[in-house]
1. Shape verdict for the stretch 77-175, please, from the Cα gyration tensor: rounded (a/c under 1.5), prolate (a/b greater than b/c) or oblate.
2. With all protein chains present, how much of the accessible area of the stretch 47-181 (probe radius 1.4 Å) comes from carbon and sulfur, to the nearest whole percent?
3. With runs of 4+ DSSP H residues as the only contributors, calculate the mean residue ellipticity of the chain at 222 nm using -39,500 (n - 2.57) per run, divided by the residue total and rounded to the nearest 500.
4. Match the structure shown to one of the listed values [x] 15.5, 49; [y] 16.0, 54; [z] 25.0, 99 of Rg and Dmax of the Cα atoms in Å, computed from it, and give that label.
5. Net charge near Leu14, counting Lys/Arg +1 and Asp/Glu -1 over other residues with Cβ under 10 Å of its Cβ?
6. Nearest 0.05, what FRET efficiency do Gln46 and Glu142 give at R0 = 25 Å with Cβ-Cβ as r?
7. Could you tally the net charge around Ala117, taking each other residue with its Cβ under 9 Å from the Cβ of Ala117, Lys/Arg +1 and Asp/Glu -1?
Amino acid sequence: MDYIETHIPGVWILEPKVFHDARGYFMEAYKQPDFEAHIGPTRFIQDNESCSSRGVLRGMHYQLAPYTQAKLVRVIVGTVVDVAVDIRRGSPTFGQYVMVELSADNHRQFYIPRGFAHGFYVKSETAIFTYKVDSPYMPSHERGFRFDDPDVGIDWCIDEATSILTSEKDRVLPQLRDAEL
C-alpha cells in the first residue's frame, strides 16, 4: 500500500498494490499495523456501505464532539468524486478541501481524520461506497454545510448535462461560516 499525504496534513490517499491475473485480482484493503505506522492509531468500530445512482451528491456532513468521526472510504462499484473539508477552527487550512476520485478501477482509499466534513458526488451509473468509522453515527450530533458554499468553492467536476440529486436536508444546510462546528 502506498500512503500519500495530501496538502492538508492528516488527510491521506491510500493506493493499494493490486495483483491481477487470469482469475481477477487480489489486494489488501486494510492492514492495521501498516495503517498505524503511516497514519497513527485509529480504532475503527464500524463499517458502513451505501449505494447511490449517477448525479447523487451527499454532503457536506460531519458530527460534533464527542462523536466526531475519522473515516477510511473507498468505492467498490463505480466512480465518485470524494471531498474532505477542514472544519477545525483555527487551523491554517480551515475551509480548504482535498478532492480525490475513488473508483472500483483505481482501488484508491481516502482517509479523512476527525475535524473534517465529508461529501461525495457519483459520476457512474451506480456507486457502492464503503467506509470505516471510528465513532458511531449519532443523529443528535450530525451537522453539515452546503455542498455549493461559494466561500469553500468546491469544484465537483459535474457535467452540466447531469442533474444533481441531493436530499432536502442537504439543500437547506447553512454555509460553513454559519454552521455549528
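1. Values: a/c = 1.43, a/b = 1.23, b/c = 1.17.
Judged from the Cα gyration tensor, the stretch 77-175 comes out rounded (a/c under 1.5).
2. Whole-percent figure for carbon plus sulfur exposure: 49.
3. Result for the chain: -1500 deg cm²/dmol, rounded to the nearest 500.
4. Structure-derived value, by its label: [y].
5. -1
6. Details: r = 15 Å, r/R0 = 0.60.
Efficiency at R0 = 25 Å is approximately 0.95.
7. Around Ala117, the charge tally is 0.
The values are calculated or read from the model by the stated rules, or taken from the named source; none is laboratory data. It should be emphasised that the depicted structure is a prediction, and the values quoted were computed from it without experimental measurement. Cβ atoms come from the backbone with ideal geometry, glycine included; neighbour counts cover every protein chain shown. When the accessible area is computed, the model is the full protein with side chains, heavy atoms only, and any ligands, DNA or RNA have been set aside. Shrake-Rupley method; radii C 1.70, N 1.55, O 1.52, S 1.80 Å.
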